[in-house]
1. Within 10 Å of each Cβ in peptide B:195-207, how many partner chain Cβ atoms are there on average? Round it to a whole number, please.
2. Report, to the nearest 10°, how far helix B:61-74 tilts away from the longest principal axis of the Cα atoms in chain B, using its own Cα long axis and a range of 0 to 90°.
3. Cα to Cα, under 15 Å, and not fewer than 8 places away if on the same chain: which aspartates and glutamates meet these conditions relative to B:Lys385?
4. To test your reading of the geometry: what angle, between 0 and 90 degrees and rounded to tens, separates the Cα axis of helix B:12-23 from the longest principal axis of chain B?
5. Using a 10 Å cut-off around each Cβ of peptide A:61-70, what is the average number of partner chain Cβ atoms that fall inside?
6. At q = 0.13 Å⁻¹, work out log10 I(q)/I(0) for region A:28-82 with the Debye formula, treating every Cα as an identical point scatterer and leaving solvent out; two decimals please.
7. Pick out, from B:Ala180, B:Ser82, B:Thr215, the residue whose Cα sits farthest towards the positive end of the charge dipole of the protein assembly as shown, with +1 on the Cβ of Lys and Arg and -1 on the Cβ of Asp and Glu.
8. Quick one: which residues, 5 or more positions from B:Gly278 or on another chain, have an amide H under 5 Å from its amide H? H modelled 1.01 Å from N in the peptide plane, none for Pro or chain starts.
Amino acid sequence: MVRELTCISCPLGCPLKVELDESGAVLSVTGNTCKRGEDYGKKEVTAPTRTVTSTIKVEGASVPVTSVRTKTDIPKEKIFACMEEIRKATVKAPVHIGDVVIKNVAGTGVDVAATKAAV
Amino acid sequence: MKHDIVIIGGGPAGLAAAIAARESGVEDVLILEREKELGGILNQCIHNGFGLHTFKEELTGPEYAARYMEKAQEMGIPYLLSTTVVDLQRQGDSVVVTSVSKQDGLLQIEAKAAVLAMGCRERPRGALNIPGTRPAGIFSAGTAQRLVNMEGYLPGRRVVILGSGDIGLIMARRMTLEGAKVLCVAELMPYSGGLKRNIVQCLDDYGIPLKLSHTVVDIEGKERVTGVTIAQVDEKLKPIPGTEEHFDCDTLLLSVGLIPENELSKAVGVELSPVTSGPVVNEQLETNIPGVFACGNVLHVHDLVDYVSEEAEQAGRSAARFVQEGREAGQKELPLKTAGAVRYTVPSSLSPQRMGEQAVVRFRVGRNMRKATVRVLVDGKEVLKRARPVMAPGEMEQVMLKKEWFTGSEQEITVEASDGQEG
């Protein structure tokens, strides 16, 4: 199988072709112009990760919601599970930047923290 | 009321300018902000990717703003919130800033110097000539961003986005994460003005099609949008009959460009560039009106906030110097001219005597280029040459000019970008 990707390691945006075998192991990365492209291609097809940013409901503040993020990247396939937990949650004011609002979101081992204060 | 430096706008530009002015030794600095809080547009930009250059980590917009807000608060820089500046005039040696607010009513502030840091505004539907009805459900991408991220309100369920600017791309992902279905992003040009990273992580990740060389040719719906029709365009950007495609949707987001917000600049007589729609400035970031400086998106639209902060620090330092020393008379300014694919430069003139050891010149090119060369010429003689593997209209570029290149007899500076093709 061949996956086609656009490298985002730099503005060049090389079109990558990543060849995989039946087990999903990477056979080759082509189309890249540097090592970073190869690394990106391999990671993107084997274990892609993303930081999720969203908003969470706040009770008792002057604003209805405040912004949050996963503290680090989480596996890409967990994005919607993570969003579901954030959507269901409500936090009580005061909230400060860096406060953990959800622990171990969607079983990823990563916490969700506030990125904006709400008082 | 009298102050040394008044800063109009408390977003990233205004905050960085205020901090730099203080650090340069001017105590009496005041920030005027029309919103209820400092931080400007960063407050609604909850995605990450800010601050890589400045802080070597990926912050979200509110986190980036908080770093500067904390610094300004530590330094005790005063600011007025919910305060809208309505007029700016030059009177004698001062700049008179007129503002209104609920708490203070009408205020007239006499300042020795003013820093314009009002940011920019989104191009609205009215500027686009899209045919069709005028129902509810048409938002600029930034308005939708504010509704979702600050007011906790999802403005639609089935969405078409016109324009592939970064805010449109970011909102395609944001609306998708919040449960809306984004049907497609239509872009008039054959390339996207957005960052590659955003196309990959906001569209490709969620299987949202990007239709290049497409535009909206009809909007349907009486009370609320019920559908839009998009069509492919030819090289002259004219819709091609027979290529129409209809989408049932309740929302159309527009992400079709940003325009520096210069009503106040015009009021005080600041000369504006027809290319950037922002003030024409020299290397001090001073406009043609003595004591009036400009920085950030009101000067020219940036793609990275890190460069806004950097530029604003320069404006803050210049304003402080103006307050301390006044404008040095008799400085010869050389014009900065553009060549090849360079559309504009900021600044557009430079005084070799007045400049520091080096001066940063920011510019944009007008088209996508590969294997490009950037050159700086002084009176036609090459003083700097740099290879750029890739250049794009969406990515701001910069070159550093060095004082040592000038002896005093020079006439002009040219910044050129070329890849062998015409302009």
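The values are calculated or read from the model by the stated rules, or taken from the named source; none is laboratory data. Keep in mind the model is a prediction, meaning the values are calculated, not measured. Cβ: placed from backbone, ideal geometry, glycine included. Neighbour counts: every protein chain shown. Quick note on the areas: whole protein, heavy atoms, side chains included, nothing else; ligands and nucleic acids left out. Shrake-Rupley method; radii C 1.70, N 1.55, O 1.52, S 1.80 Å.
1. Per residue, the average neighbour count from other chains is 3.
2. 30 degrees
3. Once the sequence-local aspartates and glutamates are set aside, what remains near B:Lys385 is B:Glu397, B:Glu416, B:Asp419.
4. 20 degrees
5. Per residue, the average neighbour count from other chains is 5.
6. -0.51
7. Of B:Ala180, B:Ser82, B:Thr215, it is B:Ala180.
8. Residues meeting the criterion, in which the H sits 1.01 Å from N, are B:Ser273.
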